[in-house]
Structure formats: structure tokens, C-alpha cells
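Take a look at the structure below.
The values are calculated or read from the model by the stated rules, or taken from the named source; none is laboratory data. Values in this document were obtained by computation on a predicted structure and should not be read as measured data. As a convention, Cβ positions derive from the backbone with ideal geometry for all residues, glycine included, and neighbour counts pool all protein chains shown. Heavy atoms of the whole protein, side chains included, go into the accessibility calculation; ligands, DNA and RNA do not. Shrake-Rupley method; radii C 1.70, N 1.55, O 1.52, S 1.80 Å.
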Amino acid sequence: QAIDDLIRALPKAELHVHIEGTLEPELMFKLARRNGIKLPYASVDEVRAAYQFTDLQSFLDLYYAGASVLVTEEDFYDLTWAYCQRAHADNVVHTEIFFDPQTHTVRGVSFETMLNGITRALSDALLKYGMTSRRIMCFLRHLPEADCLATLEQAKPYLERIHGVGLDSGEKGNPPSKFKRLFQRCRSYELPVVAHAGEEGPASYITEALDILGAKRIDHGVRCVEDPELVHRLARDKVPLTVCPLSNLKLCVVDNLEKHNLRDLLHAGLCVTVNSDDPAYFGGYMNDNLLACRAALNLSDDDVVQLVLNSFEASWLRDADKTRWE
Ligand code: HPA
Ligand code: ZN
């Protein structure tokens, strides 16, 4: 189909991808071997077979376990470079990557190690592919606010290399209001804020992310439809939603893609974008997500072009000086 060729050919921006979620089973095994770490799986096929999720938590358990193979700067480089190559193949020309420092610092991996590996790969992607990027540090919301505040203090020497902050991990029972002081401090450091909200949590978490955390962009946000006034506000204020359709399908946020509200939200005038979230776990990168939505929701050429334009509009690409050439 011509529209699918259009999807593949268009330059795109990705705004919601967790670098730890791009760890393909093959690389997981390679890094485990390199670092002498024993995995609870016998083969790559066994790992893939384990990726049958019933909700966000069932995924997070495997995602955090998988990340334990990331130890050295080289590991973070290899992980990030593999993602850049794969994203480049999908004509992603700009990417805003999440990383979860707390997943690594508890295991004794330093900020320096993580950031050096990630930054070096992104610099290579700029040189080799002309791919621009930003790095967004996410806090794990299942942990106490005090832990997150300590992580922010640890990050202080590296803020030059961190373009913004986010909030991820288990949403249920961990409302944005739990992190009011943390994000107040982030804003005092002039770090732009995004937050996962309204993925599994209620619409009120989206409102809290906006009003209490000062979020500029909402990650997922699909449960906004439960509050029509909020939908109106998101459209009026042009608050972007970084939607991840295959993720929503795999984590049973929706029963099937035909029922996904992406097209409705787009037609309601919201700045909706399509993203891959944790592509190694959810079975699809950027183009797979767009192609699956096009088929399931019968998206038009205009819909596809609008989604792609939105990805640039919602990006932080305008801060051109934040593109690092080192
Ligand atoms: N939601 C919350 N936390 C996450 C996700 C997600 O989709 N992916 C990685 N961490
Ligand atoms: Zn996410």
C-alpha cells in the first residue's frame, strides 16, 4: 500500500522510548556472557516466550531483571547504538530517550558509566546518521520520593547532559502528587518535566501531572478520555501525548488495536504522537507502531502526516543549542 510506503519513508521523531526497553534478547545474552551474569533463561527463544504480559507490573518485573546485564560503559554504548541503528532504519531522525538511573545505581553502576555510554552512542548517531537527540532522566515512581530526591542530587554534576526529567514505573497507587517536592526541585534546576500518566492510572493522574508536577508533555495519557473536560484542556493547551500503541496492546491497556483511541484523540485536535516505548519487549519499533495503527484504525494519509508533524512539534528540537556535537 502507498500509505505504508509513506509511513516508512517519512522522517520521524520518537519521543517516548526507554533505552533499557530496547534491549533485545540477543544483546541481553551477549552482555550477560561478557559480564559473567547468569540469566534465568536457557535461550533467546525462551526469553521471547516469557514476554507474555498481563499488565504493566508483569512487564516491569522482566524489564528490571533484564537491565541487570548492563554494567559497563561499553554495555550502555552497545545498547544505545543498537537502538540508533534500528531507529535510523525506520527513518527516525530525532529521538528523545528515557533512562532510569535508579535501576542501575542500586547495582553500583555510576551515573558516569551510564551517561558516558549513552552519550557516546548518541554522538555517533549524530555524526553517522545526522540523528539528533535528547536525554530524559526518569524517576521510578514505585520508590519513595526521598530516593528520587537523592538521585536528583547525584545527577547534579551531569545536568549539562540531561535535557529533562520524567516519571515512570508502576503507576497504580503512585500518583504524581507523591512527587510534588521532587519536581519542584527539578523545575528550580530549570529541567523541563514530562510524566507517564493515564496509562494504567486514572485521568486524575494526568491532571495532577500537569498541575502539581508542571509536566509539559504526557507520556501515554490514553485514559484522558474518562474526563471530557481534561480532553478539552489537552486540546486547547496543545499538551502533547506520547502514545505507544503496541505497548498498550501488549500490556492489556486495550484488548485490541481496533479499540485504541489514538485516532479519536487525533481527530479531537490533540497533539498525539506515536512511539515505541519498550520495542524489544513489545515487538515493534516506530514504523511497526505506525503500520499497525494504520491497519487497525484505517488511518488516512492526512492522519499519518499529522501524527508525524506532531512528533516534531512536540519535540524539544527547537532548543537547537541543546544538540550536542561532542
Ligand atoms: N510505563 C511505566 N514505566 C515504564 C514503561 C511504561 O510503559 N516502560 C518502561 N518503564
Ligand atoms: Zn514508557
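Hey, among the residues in the range 228-258 that are farther than 25 Å from Gly21 by Cα and among the basic types (Lys, Arg), which one's least open to solvent (accessible area, probe 1.4 Å)?
Arg233
I'm checking my understanding of the structure. Among residues of the range 1-47 that are within 16 Å of ligand 1 (Cβ to nearest atom) and hydrophobic (A, V, I, L, M, F, W, C), which one is farthest from Thr119 (Cα to Cα)?
Within the range 1-47, the subset within 16 Å of ligand 1 (Cβ to nearest atom) is 14-24, 28.
Subset that is hydrophobic (A, V, I, L, M, F, W, C): 15, 17, 19, 23, 28.
On the way: Leu15: 17, Val17: 15, Ile19: 12, Leu23: 17, Met28: 20 Å.
Checked the range 1-47; the qualifying residue farthest from Thr119 (Cα to Cα) is Met28.
Condition first: among the aliphatic types (A, V, I, L, M) and either part of a loop (DSSP other than H, G, I, E, B) or modelled with pLDDT under 95 (or both). Now tell me which residues in the range 140-163 satisfy that. Break it down into steps so the answer makes sense when it comes.
Applying the first criterion (among the aliphatic types (A, V, I, L, M)) to the range 140-163 yields 140, 143, 146, 149-150, 152, 155, 159, 162.
Result: Leu143, Ile162.
Taking Thr323 as meeting all but one of (1) open to solvent by 10 Å² or more (accessible area, probe 1.4 Å); (2) farther than 20 Å from Gln85 by Cα, write down the number of the exception.
(2)
When the range 73-107 is examined, which residues are found to be among the acidic types (Asp, Glu) and open to solvent by 60 Å² or more (accessible area, probe 1.4 Å)? I'd like the intermediate steps shown before the answer.
Looking only at the range 73-107, we keep the residues that are among the acidic types (Asp, Glu), and these are 73-75, 78, 90, 96, 100.
Correct list: Glu73, Glu74.
Does any residue in the range 220-240 that is over 14 Å from Glu208 (Cα atoms) come within less than 8 Å, Cβ to Cβ, of a residue that is exposed (fewer than 15 other Cβ atoms within 10 Å of the Cβ) six or more places away or on a different chain, and which pairs are these?
Correct list of pairs: Val225/Asp264; Ala235/Gly269.
If you check Leu251, Leu297, Leu246, Leu210, which single one turns out to be within 16 Å of ligand 1 (Cβ to nearest atom) and either more than 24 Å from Gln85 (Cβ to Cβ) or among the hydroxyl-bearing types (Ser, Thr, Tyr) (or both)? Let's see the steps before the verdict.
Details: Leu297 fails: within 16 Å of ligand 1 (Cβ to nearest atom); Leu246 fails: either more than 24 Å from Gln85 (Cβ to Cβ) or among the hydroxyl-bearing types (Ser, Thr, Tyr) (or both); Leu210 fails: within 16 Å of ligand 1 (Cβ to nearest atom).
Of Leu251, Leu297, Leu246, Leu210, the one residue that is within 16 Å of ligand 1 (Cβ to nearest atom) and either more than 24 Å from Gln85 (Cβ to Cβ) or among the hydroxyl-bearing types (Ser, Thr, Tyr) (or both) is Leu251.
Looking only at the range 164-171, decide whether some residue is in contact with a helix residue (DSSP H, G or I) (Cβ under 8 Å, 6 or more places away or on another chain), small (Gly, Ala, Ser) and not in a helix (DSSP H, G or I). Let's see the steps before the verdict.
Within the range 164-171, the subset in contact with a helix residue (DSSP H, G or I) (Cβ under 8 Å, 6 or more places away or on another chain) is 165, 167, 169-171.
Next cut, small (Gly, Ala, Ser) only: 169-170.
Now narrow it down to the ones that are not in a helix (DSSP H, G or I): 169-170.
There is at least one residue in the range 164-171 that is in contact with a helix residue (DSSP H, G or I) (Cβ under 8 Å, 6 or more places away or on another chain), small (Gly, Ala, Ser) and not in a helix (DSSP H, G or I).
So for the range 194-203 (the condition being within 30 Å of Glu229 (Cβ to Cβ), more than 14 Å from ligand 2 (Cβ to nearest atom) and surrounded by fewer than 21 Cβ atoms within 10 Å (Cβ to Cβ)), does at least one residue qualify?
Within the range 194-203, the first condition is being within 30 Å of Glu229 (Cβ to Cβ), and the residues that meet it are 194-203.
Applying the additional criterion that residues be more than 14 Å from ligand 2 (Cβ to nearest atom) yields 202-203.
Subsequent filtering for residues that are surrounded by fewer than 21 Cβ atoms within 10 Å (Cβ to Cβ) retains 202-203.
Yes, that holds for at least one residue.
What is the residue count in the range 270-283 for residues that are among the small types (Gly, Ala, Ser) and within 14 Å of ligand 2 (Cβ to nearest atom)? Break it down stepwise before answering.
So the first thing to find is which residues in the range 270-283 are among the small types (Gly, Ala, Ser), and the list is 276, 280, 283.
Cutting the leftovers down to within 14 Å of ligand 2 (Cβ to nearest atom) gives us 276, 280.
Summing the residues that are among the small types (Gly, Ala, Ser) and within 14 Å of ligand 2 (Cβ to nearest atom) in the range 270-283 gives 2.
Using the structure shown, decide if Ala292 is in contact with a Gly (Cβ under 8 Å, 6 or more places away or on another chain) and either at pLDDT below 95 or surrounded by fewer than 22 Cβ atoms within 10 Å (Cβ to Cβ) (or both).
Working: in contact with a Gly (Cβ under 8 Å, 6 or more places away or on another chain): yes; either at pLDDT below 95 or surrounded by fewer than 22 Cβ atoms within 10 Å (Cβ to Cβ) (or both): yes.
Yes; evaluated as a whole, the condition is true for this residue.
Name the helices (runs of 4 or more DSSP H) wholly inside the range 17-133 in which the number of residues that are in contact with a Pro (Cβ under 7 Å, 6 or more places away or on another chain) and either basic (Lys, Arg) or under 23 Å from Leu152 (Cβ atoms) (or both) is 1 or more. Give the steps one after another, and end with the answer.
Details: elements: 25-35, 44-50, 56-66, 73-89, 101-105, 111-129.
Hits in the range 17-133: 44-50, 111-129.
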